[in-house]
Amino acid sequence: MMDLVTQEIGSFRKPTYLSSKFRSYKEDEFIEVAKKATLETLDLFEKSGLMNVGVGGEMFRWEMYEHPISRMEGVEIFGPVRSFDNRYYNKGSVYGDILRKKPFHIEEVQLFKELKKNNIKIPVTGPYTLMDWSFNDHYKSREELAMAFGKIMNEEIRDLKSAWGEGTLQIQIDEPAATTHPEEMNIVLDSVNESVKGIEGIETHLHVCYSTDYGLLFDIAPSLNVSVYNLEFANRDPISLEGERKGYEDVRRFKETADTMTRKISLGLGVTDIHRDYLEPIPLIRERIEYALKYIEPERLRINPDCGLRTRSREVGFEKLRNMSLARDEVAKSL
Amino acid sequence: MELISLLYGIYPRSENLRKAYGKWEKGQLTSKETSSIIEEESRRYYDLMNEASIDYFTDPLFNWYDLLRPVVLSIDGIKLGPLARYKATNTFYREPEIEKIGKLLEMNEFREVEENPPLPAYHELDSESYLYFLPGINSLLKMSKITGNFMDIKERLKDTYLEIIKKIKMKRLLIYEPFESDDIGIYGEITEAVTTFLVLTGSAEKLKALEGMKFFSIISDNPYTYSKYCEVPGIKIVDAQSTRINDGILQKVKQYSEDFQKMVVANTESFDFLPRVIADKKIFSFKGGE
């Protein structure tokens, strides 16, 4: 693996022609428009210098929860539920045994195969988060529901790998809810492991944002079948130069965990805050990378935004990615 | 046993209201126009409560962007901090940053405020069923970042609540403590000023502090704990975290029928955690209906 690979985390702001009519396109027409948006976003990613392009900004998906949930049996969406202020998401109610009606992301893999791109990483929503964000009106326990989602994600990842064919496929399991119930880390562990159980030829990433305690995650890392942990750091770090890089103190804890393991794990280092337009200058990003390099070998360190950039405009998103790539190149030269 | 139904907290907004807020946030709807829509929607909610025969209900709090916001925005010395997770849910609120409790601003007349739809905070109904709502003092402090003197702030907050009660001329008030509370004694003066319903989470350890206080009802997970400190004990039982309608309420409360002549039956959390269509059905289940 190359040193300091830069990677996208997942979502990127959709062009208006796609977002404004996302739910009203007919299926065939939608695929064409989503492809067009993906190609434009890929072009933008490549111009920014990004090495791993994810799935071109998740142009086929409206949102990480609703996309898979609406493709399952046994779940019904009765309407939106508030997340904050006047922001809502469609929360599903699990009323029966859950089944996958059709694959969730196969068209994205097929598109990338057609394009002969192999520097991709496919984000999928994790079973624990699917469970935590749903009403459970059927399964006996949260654990049982999480494991049922784990089985569904296993089917999905198996299909994605099968469609991809030869060569390692990078899969990123998104689990923003992973550390929100500290007493349930065993459920996170078992359901994520269930999602990848028995699948050969994949490199599994785990992306966890909105966490106030990554230590919970590091505690289960030795038993978790995950190779790369893509985590957020920039949004908790001061923007002053030559600071103590307080937001990155968990890198040391990650290293301590990694040192206890015989299996090698890597870290995806969030270096740009996705919650604000502030454009982190190259020297600041460079400092953040250099700080992490005190603990992690360059081939085990990947560089990414804290999370998907969908909340920023495409222009700001591009600038953030470009600064990230330029900072990475400067550090790589000095290695 | 007589069952008394109670619905408290933020009620889910209709699609009409969500769209109106979307337009208001983009500047396509004025604050005055938005305020009229909030008023209309509140009236519809009251009709719905009447239809479902809910005995007591709080204001729907349709323009409260979270459980704390209009209150903390009406007190000098409190600023809004970053988004914070509400308990272990996928719902967030703006964390108040409290340096001191300053002057109380007008909160029950039309007023534009930053980062929240326009006030008034309440849309009163002239009915004995109507309850004003205030977030519990203990929880408000737990949900905030306190930079000033904690005890001073707590005492001043209680005084401010008394001022709000007096200014608005509240007759009936519901106080909701979504977090475990360690000082229920702080409500002594409030219970003397207004008929008070208190919704608690967890179990308070210092029950002695409740001696001599006059709550109308204390609603909790276990009605026995507080029954001697109020006129009518209450239980949180209608599940706001499940979309299943028939919760078997009657069956569940039957066990208390030998011990209590009257009992308040309430929701476990704000119905804002439910889709509106489910909330509109669930209100008929409080006394074992649909």
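General remarks:
- When only alpha carbons are used to place a centre, the range A:92-140 and the range B:147-214 end up 46 Å from one another.
- Note on A:K116 and A:L99: the extension gain reaches 3.0 nm, defined as 0.36 nm multiplied by sequence separation minus the Cα-Cα distance.
- Mean residue ellipticity (222 nm) of chain B, computed from DSSP H runs ≥ 4 via -39,500 (n - 2.57), nearest 500: -8000 deg cm²/dmol
- Length available on full extension from B:K19 to B:E231: 0.36 nm per residue minus the Cα-Cα distance, which gives 72.1 nm.
- Shielding of peptide A:73-85 by partners, expressed as the average count of other chain Cβ atoms within 10 Å per residue Cβ, is 6.
- DSSP assigns beta bridges within chain B; of those with both partners inside it, close to 20 percent run antiparallel.
- FRET efficiency for B:L207 and A:T262, using Cβ-Cβ distance with R0 set to 45 Å, rounded to 0.05: 0.25
- Excluding ligands, DNA and RNA, the accessible surface per residue across the protein assembly as shown is 41 Å² with a 1.4 Å probe.
- Of A:D28, A:D85, the order by accessible heavy-atom surface (1.4 Å probe, DNA, RNA and ligands excluded), from most exposed downward, is A:D28, A:D85.
- With every protein chain in place, the protein assembly as shown: carbon and sulfur % of accessible area (1.4 Å): 47
- Charged neighbours of A:I106, selected by a Cβ distance under 13 Å, balance to +2 (K, R count +1; D, E count -1).
- Lys/Arg +1, Asp/Glu -1 at C-beta; the protein assembly as shown dipole; positive extreme among A:L231, A:T179, A:L115: A:L115
- Per-pair calculated FRET efficiency, R0 = 45 Å: B:Q28 and B:E163 via Cβ, rounded to 0.05: 0.80
- Projecting label points 7 angstrom from Cα along Cα→Cβ for B:D126 and B:E51 puts them 2.4 nm apart.
- The peptide list A:190-196, B:51-57, B:254-260, A:139-145, put in order of mean Cβ contacts within 10 Å with the highest first, becomes A:190-196, B:51-57, A:139-145, B:254-260.
- Given a 1.4 Å probe and the protein chains as shown, B:F273 ends up with an accessible area of around 20 Å².
- Sites A:E290 and A:D43, calculated FRET efficiency, Cβ-Cβ separation with R0 35 Å, nearest 0.05: 0.70
- Toward the positive end of the charge dipole of the protein assembly as shown, with +1 on the Cβ of Lys and Arg and -1 on the Cβ of Asp and Glu, the farthest Cα among B:G234, A:S19, A:I274 is that of A:S19.
- Extension gain for A:E32-A:E244 works out to 71.5 nm (0.36 nm per residue, less the C-alpha to C-alpha distance).
- For the segment B:10-18, counting C-beta atoms of other chains within 10 Å of every residue's C-beta and taking the mean gives 2.
- Chain A, relative contact order [Cα under 8 Å, separation at least 6], %: 20
- Rounded to 5, percent antiparallel among DSSP beta bridges of the protein assembly as shown: 25
- Virtual paramagnetic centre 7 Å along Cα→Cβ of A:E166, amide N under 19 Å, in the range A:187-204: A:200-203
- Out-of-range pairs (alpha-carbon distance over 30 Å; input B:K19/B:K79; B:K169/B:K262; A:K161/B:K19; B:K142/B:K228; A:K14/A:K116): A:K161/B:K19
- Accessible surface buried once A binds B (1.4 Å probe; total of both sides; Å²): 2100
- For the range A:191-220, the list of chymotrypsin sites (Phe, Trp or Tyr not before Pro) that fall in a loop by DSSP and count at most 14 other C-beta atoms within 10 angstrom is empty.
- Check: the range A:221-335 dipole with +1 on Lys, Arg Cβ and -1 on Asp, Glu Cβ, in debye: 320
- Sequence-distant residues sharing a close amide H with B:I75 (under 5 Å, placed H): B:L105
- Cβ crowding within 10 Å averaged over residues, with A:316-327, B:143-154, B:166-177 ranked highest first: A:316-327, B:166-177, B:143-154
- Less than 5 angstrom separates the built amide H of A:I173 from those of A:V124, A:H205, A:L206, A:H207, all sequence-distant by 5 or more or on a different chain.
The values are calculated or read from the model by the stated rules, or taken from the named source; none is laboratory data. This one's a predicted model, so the numbers in the text were calculated from it and none came from an experiment. Every residue, glycine as well, gets a Cβ built from its backbone with ideal geometry; the counts of neighbours run over all protein chains shown. Quick note on the areas: whole protein, heavy atoms, side chains included, nothing else; ligands and nucleic acids left out. Shrake-Rupley method; radii C 1.70, N 1.55, O 1.52, S 1.80 Å.
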